[in-house]
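Each reported figure results from applying straightforward, stated rules to the coordinates on display, with no laboratory input. Computed from a prediction, not measured in an experiment: that's the story for all the values here. Cβ placement follows ideal geometry from the backbone for every residue including glycine, while neighbour counts extend to all protein chains displayed.
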């Protein structure tokens, strides 16, 4: 009965609700935590603003173009936050403490059951809101006039970007099936994703290659941004392929890990 | 109370550190990536200028500022906030209060090996890596000596800031959010994201009032020789010393208040 779409949705809402309940245990800290990303994004925007009080353009990018790119990077990141943050728990402790078995004994897909324990955590909504404000405001300041095709592609672009984020997270979290905990590797990957908040043109070519073809964070922000700003499709046409390959790599590693998982007896 | 009392806490801090050797690698990768973002961004700003650009920085000067700011951030990541927060959260702090030692001093002793290890195993390689990749400024011997002294002061301030962050757990129990906010604010107002001299008027005034500039901007002012004679150097060091003393006193007062209202559930 749980195999229908409706059943899955009901289950996701229920498990996500339980997760939200758990959060309210430490109310003050939870509020601070939700505000923390606002502080971080606010300071990052401020730092960009300070840069442009000294120069009119950086690597060919104007102030509003850089903010547009920053907004573009926040949208897929926020969407990904809403759905896959339980992967952090997988890499941190679920394997290490032998708690992972609970996803294997439920009559649903283990990945779905894992992820739905942490749906709709509020910090993701904040990133989506700030990202949307930055994109709309800087887009208006730039006098951007997207074509019908560009409008139509906005949602798929954000969706693919979120899937790339999710794939990288799933890949590094799945490493914990072999290494017991993979939190440090995941943190390093997240730190690398910060590069995507700025124009790729700033970086050394080797770093650009890394961000495009190894950890493809360029496709979550830079590629969509240059497409929407300048209409250049050189990178963005690879987005479906990159998304597909990233998901394929992450899911196959996850499956291999799942099949070799052994619980610590106690 | 003798200093010898706290030596076992230094050695035990060292031992627990060696259990997690891989964290040094990750701290290094994270710090290198963080420094690279700001260095690439600001080098692009100074790309056109041959002489001193905005704020009187040369391209090599601003690069040195940002890289060494990141090294200082690594040195200041002494885990005191994490440790104190965890002990308050679990209630283990009650056991520490029974012992005939001062808990803040125990934490200080235990964080010394963390600071040394971070400096040697992460800070030095990070500096070497960037020295190979980008041109950096070589300081005069006097400036380097003043920088070392100033870094010692900044370490005390970083300890106090992290201790206070961990002690926020007495109010909020869980401190994930508090630590996130602290990290963001410190990294901006210490000068890691933007050299403080480049901030516009009101923001610059705010940065001058807050204590965090003593953590990175102060030592860097001395390292890069951006001060006027003996008076300028002693103003920087005096500011740091003032905040160090003030924060130590604040920690002592708040610790007493917190310990007296502590409630731990028995198990």
Across B:47, B:85, B:235, the residue with the highest GNM fluctuation in chain B (Cα network, 10 Å cutoff) is B:47
Largest-first semi-axes in Å of the equivalent ellipsoid built from the Cα gyration tensor of chain A are 34, 20, 18
The helix A:63-84 Cα axis meets the longest alpha-carbon principal axis of chain A at an angle in degrees, between 0 and 90 and rounded to 10, of 10
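So what is the relative contact order of segment A:1-134, in percent, for Cα pairs below 8 Å that sit 6 or more residues apart?
Numbers: 122 pairs, mean separation 53.9, N = 134.
Result for segment A:1-134 is 40 percent.
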Ordering A:140-153, B:146-159, A:95-108 by per-residue average of other C-beta atoms within 10 angstrom, highest first, gives B:146-159, A:95-108, A:140-153
Highest GNM mean-square fluctuation among A:218, A:167, A:185, for chain A with Cα springs under 10 Å, belongs to A:185
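To the nearest whole number, what is the average tally of beta carbon atoms from other chains within 10 Å of the beta carbons of peptide A:47-54?
If you average over the peptide's residues, the count of other-chain Cβ atoms is 6.
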One computes Rg over Rh for chain B from alpha-carbon atoms, with the Kirkwood Rh, and obtains 0.99
Rg from C-alpha atoms of segment B:119-267, normalised by the globular rule of thumb 2.2 N^0.38 Å, equals 1.21
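For segment A:160-227, what's the relative contact order in percent, using C-alpha pairs closer than 8 Å and at least 6 residues apart?
On the way: 44 pairs, mean separation 25.7, N = 68.
In percent, rounded to a whole number, it is 38.
Take the eigenvalues of the Cα gyration tensor for segment A:118-195, scale each by 5, and report the square roots as semi-axes in whole Å, largest first.
Sorted largest first and rounded, they come to 32, 14, 12 Å.
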If one compares the long axis through the Cα atoms of helix B:141-167 with the longest principal axis of the Cα atoms of chain B, the angle in degrees, nearest 10, works out at 40
Scoring chain B by relative contact order with C-alpha pairs under 8 Å, at least six apart, yields a percentage of 25
FRET efficiency for residue A:129 and residue B:252 from the Cβ-Cβ distance with R0 = 45 Å, rounded to 0.05, comes out at 0.60
Expected integer from the mean partner chain Cβ neighbour count at 10 Å over B:24-34 is 4
Computed on Cα atoms only, the convex hull of the protein assembly as shown has an orientation-averaged projected area in nm² of 27.4
Mean-square fluctuation maximum in Gaussian network of chain A, Cα pairs under 10 Å, restricted to A:59, A:250, A:162, hits A:59
Distance in Å, no decimals, from the C-alpha centre of segment A:198-236 to the one of segment B:200-267 is 40
Per residue of B:228-240, other chain Cβ atoms within 10 Å number on average 0
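From the Cα trace of segment B:64-121, what convex hull volume per residue do you get, rounded to a whole Å³?
79
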Computed on Cα atoms only, the convex hull of segment B:1-77 has an orientation-averaged projected area in nm² of 7.5
The helix B:22-45 Cα axis meets the longest alpha-carbon principal axis of chain B at an angle in degrees, between 0 and 90 and rounded to 10, of 30
